[in-house]
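What follows is a short report on a single structure.
Coordinate-derived values only; no laboratory data. As the structure is a computational prediction, the values presented were derived from the model and not from experiment. Here the Cβ is made from the backbone with ideal geometry for all residues, glycine too, and neighbour counts use every protein chain on show.
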Amino acid sequence: MPRLALTINGQPQTLDAAANTLLLDLLRDRLLLTGSHRGCDTAQCGACTVRLNGRAVKACNVLALQADGAHVDTVESLSDGKLWHPMQRAFSKHHGLQCGFCTPGMLMRACAMADEGVPAEDGAVRQALAGNLCRCTGYEGIVGAVCEGMRRMRGESIEAADAGL
Ligand code: FES
Ligand code: FES
C-alpha cells in the first residue's frame, strides 16, 4: 500500500492509503476531519471542497495519492473554535447558511477566491461560486457574505463592501 506524506491543516502526516482512496475518504474516515461533506460524489455539488496547495478542489474527485507531498487545508483550518475566520464571520452576519451542509465547501471556495483576486462583486462571485451548490438559501446571503469576507481578508473597508452590494 502506498505511503503518503502530506501536510494537513498545518500538521505533517504520514499515512498508508490504497491507490484508489479518495482524498475525501482519507480526510473523513482516516483523519476524522468530517467538516468536508459528501453531497454527490460526482464533482458537482462542491460540499467536499478543500484547498490543495491553496487551490480549491473537490476532494471527492481527487485521489489521496495526488495529494502526496502537498498542503491540504480543510474547513477545520479556519478556526480554533474560539476566534472565527473573517469569512466565517461574514457568513454569520449575512445569514449565508441555513442547514449548513454546503457551508464548509462554500467557505473554502470563498477563501480561495479571495486569494485568486476574484472581484468582490455580485456577478463575479456568482460566477466563481458556480461549482458550489446550495439547496437552502437562494444564494443571496452567500453572495453577500463572500463579498464581505473577501474584502475583510484583503483588508478593505467594509463600508465599501456594503456600498458594492
Ligand atoms: S461530494 Fe464532491 S462535489 Fe459533491
Ligand atoms: S445551507 Fe443548506 S445546502 Fe446550503
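Test of understanding: extend the Cα→C-beta vector of Leu63 to 7 Å, then name every residue of the range 1-44 with backbone N under 16 Å from that spot.
1-5, 16-26
At 222 nm, what helix-only mean residue ellipticity would the chain give, in deg cm²/dmol to the nearest 500, using -39500 (n - 2.57) for each DSSP H run of four or more? Walk me through the numbers on the way to the answer.
Numbers: 5 runs with 50 residues, N = 165.
Computed ellipticity for the chain at 222 nm equals -9000 deg cm²/dmol.
Only Lys, Arg, Asp and Glu count, each charged at its Cβ (+1, +1, -1, -1), so figure out the dipole size of the chain about its Cα centre, rounded to 20 debye. Walk me through the numbers on the way to the answer.
Details: 16 positive and 17 negative charges, 43 e Å.
That gives the chain a dipole magnitude of about 200 debye.
Does a label point 7 Å from the Cα of Gln11, set along Cα-to-beta-carbon, have any residues of the range 57-91 with amide nitrogen under 15 Å, and which are they?
72-81
Of Cys60, Cys40, how do they rank once you tally other Cβ atoms within 10 Å and put the fewest first? Please report the intermediate quantities before stating the final value.
Values: Cys60 23, Cys40 14.
Ascending Cβ contact count within 10 Å gives the list Cys40, Cys60.
From Cα pairs below 8 angstrom and at least 6 apart in sequence, can you work out the relative contact order of the chain, rounded to a whole percent? Numbers along the way, then the final one.
Working: 312 pairs, mean separation 36.8, N = 165.
It rounds to 22 percent for the chain.
Which trypsin sites (Lys or Arg not before Pro) from the range 87-165 combine a DSSP loop assignment with at most 16 other Cβ atoms within 10 Å? Provide the component values of the computation, followed by the final result.
Numbers: sites: Arg89, Lys93, Arg109, Arg126, Arg135, Arg151, Arg152, Arg154; in loops: Arg135, Arg154.
Passing sites in the range 87-165 are Arg135, Arg154.
Would you mind ranking His85, His95 so that the residue whose beta carbon has the fewest other beta carbons within 10 Å leads the list?
Exposure proxy ranking, most exposed first: His95, His85.
So what does the Cα-only Debye profile of the range 86-164 read at q = 0.11, 0.26, 0.27 Å⁻¹, as log10 I(q)/I(0), no solvent term?
-0.22, -1.33, -1.44
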